[in-house]
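Working notes, structure below.
The values are calculated or read from the model by the stated rules, or taken from the named source; none is laboratory data. Treat the numbers as computed from the prediction; the structure is a model and nothing was measured. FYI the Cβ positions are ideal-geometry reconstructions off the backbone, even for glycines, and counts take in every protein chain you see. Note: accessible area is taken over every heavy atom of the protein model, side chains too, but ligands, DNA and RNA are not part of it. Shrake-Rupley method; radii C 1.70, N 1.55, O 1.52, S 1.80 Å.
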Amino acid sequence: MITIRTSRPDEGARAVEIWRNAVDATHDFLSPEDRQAIDEMVCDFLPQVPLWLAVDANDYPQAFMLIDNGHMQALFVDPACRGTGIGAALVRHGLLLHPNMTTDVNEQNGQAVGFYEKMGFKRIGRSLLDDQGRPYPLIRLEYRS
């Protein structure tokens, strides 16, 4: 059973762990230097922001989502839980709150692009660089209710 709830201040380390595990499993296109730089930024930022968590029956976080003003900034699922519907449950929860939600996804992460398109998101644009100006193109996606 998947439960979705808001994060607590003491869960920042688990969110970073989920992020690291997910990125290591899906973002093989990152250079080692960029991976390290992004890790440092995430460690400073992620524990400070409110997240939506998908937790198991023991209330242990398995995945998280960050939404800011209707834009999904992040969705990361622990690789041990991929394919269980946790990511889709978080997205559906986000869409209940923001029916016209947008997100950006790394173009090189084909699995993620396919996931969002399967969820009903449509491509609305593309950027040659990521939000930090690195050479990792982003696909801009939008869900229209």
Members of region 3-19 that are in a helix (DSSP H, G or I), of a type outside the set (A, V, I, L, M, F, W, C) and surrounded by fewer than 16 Cβ atoms within 10 Å (Cβ to Cβ): PRO9, ASP10, GLU17
Filter pass, GLY87 being at pLDDT 95 or above and of a type outside the set (Phe, Trp, Tyr): yes
Within region 112-145, considering residues that are open to solvent by less than 40 Å² (accessible area, probe 1.4 Å) and within 13 Å of the chain's Cα centre (by Cα), the one farthest from ASP34 (Cα to Cα): TYR116
Residue check, ILE67 over 22 Å from GLU117 (Cβ atoms) and either out of contact with any helix residue (DSSP H, G or I) (no Cβ under 8 Å at 6 or more places or on another chain) or not in a helix (DSSP H, G or I) (or both): no
Identity of the residue in region 42-58, in a helix (DSSP H, G or I) and touching a residue at least 12 places away in the same chain (Cβ under 8 Å), that ends up farthest from VAL91 (Cα to Cα): CYS43
Residue list for region 62-80, restricted to those being open to solvent by less than 30 Å² (accessible area, probe 1.4 Å) and acidic (Asp, Glu): ASP78
Among (1) small (Gly, Ala, Ser); (2) surrounded by 18 or more Cβ atoms within 10 Å (Cβ to Cβ); (3) under 18 Å from ASN109 (Cβ atoms), the one test that GLY83 misses: (2)
Qualifying position, being open to solvent by 30 Å² or more (accessible area, probe 1.4 Å) and of a type in the set (S, T, N, Q), among ASN100, ASN109: ASN100
Residue match in region 29-42 (condition: surrounded by 13 or more Cβ atoms within 10 Å (Cβ to Cβ), of a type in the set (Asp, Glu) and more than 23 Å from GLU107 (Cα to Cα)): no
